[in-house]
Amino acid sequence: MANIFSEGKKEREIFKNEEVLYPEYVPEILPHRESQINEIVFALKPLAKAKKASNLFLFGPPGTGKTASINYVIRELEEYTERAKALYINCFDISSRHAVLSELARFFSIALPRRGIAGDEILARILERARTIDFRPLIVLDEIDRLGSEEASKLLYDLLRMDVKQKPSVVLISNYREFVAFLDARVRSSLAAILVEFPRYSPTELKDILRERAKYAFYENCIEQDAINLAAAFAAKHGGDARIAIELLLHAGRIAEAKNKEKLTAEDVKEATKKIVVVPLDRIVANLNEAEKIILKIIAKKQPIISGELFESFLEEAKDKEIAKSERSYRNMIARLSALKLINAEETNLKTRGKTRRISLAVNKEELLSRLDNK
């Protein structure tokens, strides 16, 4: 009996290098991110001379090139000089101050006991080692909002106040521009980060990105333009997320090869859309702060609700909690929840209130509440 993983020889192969379509792949060219890359390079250029660089905050919706851009710059930096070294951490996987400090200790080649030690002791060992290193550290914290504002503030306070000659530079990455506003005031002052925005990709930009990847992923003439157009349109519909578009081409290519086809077509992309998981609700809810969860519960209970009434209800619900309650922070949270496609905020005119917004949920009420109650 043949092994279940064995397969007969394929008559046709359309993939030249499917790794080009993997999430961790960093391309040689990043279309439509030249401006952002130039801003990052300008801020980090002092590292090439072993000097401290400016801190950075990269923000924008998912799949807009934030991670790819910083990893591209890191690769170029480390190829250019040995006087700077970068540590990239995704806080979705390493989601506490203690875990981040442990990663930083390993980065500095500090052996930690298996029994585990307190975060403050790890920090003390890092400070001791940092006084002896001969390179400038660059610490990249992707999805920093996953730590929460309090944990992130404490971690950043540790990093930014390190009293060592080779003081590290920090790059923060988040989907949400307003995250920095929720950090401790002392941390915001020390951070003084340069903001670099990554806007959503347009359908035309997504097509350019896919064409560039397709040149290296597929053999010549093995993918139809209609397939690229459909993948770009699907990703544009889901927030301009390039990762969705690229993942679609990977799945569609495998489908076409499994059918022994000569080229990847729009029909293969259409079939692949059924296998794509757009950012799950569980993950979105996991990244919400307590104030945002309160707002969502109020909307679920009273929708549709006028913006002013929602703010008043929010103040009442949050009066005994240590969370941001200003009108400005409220507006930022509504903007964020709208950007996450959790709520609809429609402009309307009321005789008694004038221009305002009518707010309702953009997702299934029961599904959302079940996830909020489990967090």
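Note on segment 271-306: residues that are at pLDDT 85 or above, in a helix (DSSP H, G or I) and under 23 Å from Ala362 (Cβ atoms) amount to 14.
Among the residues of segment 302-324, those identified as more than 30 Å from the chain's Cα centre (by Cα) and among the β-branched types (Val, Ile, Thr) are Ile305, Ile306.
For segment 111-123, a residue qualifies if it is among the hydrophobic types (A, V, I, L, M, F, W, C) and either at pLDDT below 90 or exposed (fewer than 12 other Cβ atoms within 10 Å of the Cβ) (or both), and the qualifying residues are Ala111, Leu112, Ile117, Ala118.
Within the span defined as segment 86-98, every residue fails to be within 16 Å of Ser169 (Cα to Cα), buried (at least 19 other Cβ atoms within 10 Å of the Cβ) and of a type in the set (Phe, Trp, Tyr).
Residue by residue through segment 129-154, note down the ones that are among the hydrophobic types (A, V, I, L, M, F, W, C) and part of a loop (DSSP other than H, G, I, E, B). I'd like the intermediate steps shown before the answer.
The first filter runs over segment 129-154 and keeps only residues among the hydrophobic types (A, V, I, L, M, F, W, C), leaving 130, 133, 135, 138-141, 144, 147, 152.
Answer for segment 129-154, where residues must be among the hydrophobic types (A, V, I, L, M, F, W, C) and part of a loop (DSSP other than H, G, I, E, B): Ile133, Phe135.
Could you run through segment 89-110 and say how many residues are among the acidic types (Asp, Glu) and modelled with pLDDT of 90 or more?
Matching residues across segment 89-110 total 1.
Name the residue that is surrounded by the most Cβ atoms within 10 Å (Cβ to Cβ), counting only residues in segment 30-53 that are under 20 Å from the mean Cα position of the chain (by Cα) and outside any helix (DSSP H, G or I). Per the criteria, the residue is Arg33.
Does at least one position in segment 250-270 carry a residue that is modelled with pLDDT under 90, over 16 Å from the mean Cα position of the chain (by Cα) and surrounded by fewer than 20 Cβ atoms within 10 Å (Cβ to Cβ)?
No; the residues of segment 250-270 include none that is modelled with pLDDT under 90, over 16 Å from the mean Cα position of the chain (by Cα) and surrounded by fewer than 20 Cβ atoms within 10 Å (Cβ to Cβ).
Results for (1) assigned to a helix (DSSP H, G or I); (2) among the small types (Gly, Ala, Ser), shown as yes or no for each residue.
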site	(1), (2)
Gly308	yes, yes
Phe314	yes, no
Lys321	no, no
Lys341	no, no
Arg357	no, no
Ser360	no, yes
Glu366	yes, no
Leu369	yes, no
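Being over 24 Å from Lys167 (Cβ atoms), free of Cβ contacts under 8 Å to residues at least 60 places away in the same chain and under 23 Å from the mean Cα position of the chain (by Cα), is that true of even one residue in segment 99-116? No, that holds for no residue.
The values are calculated or read from the model by the stated rules, or taken from the named source; none is laboratory data. Keep in mind that this is a model prediction, so the values were computed, not measured. We place every Cβ from the backbone using ideal geometry, glycine too, and count neighbours over all the protein chains shown.
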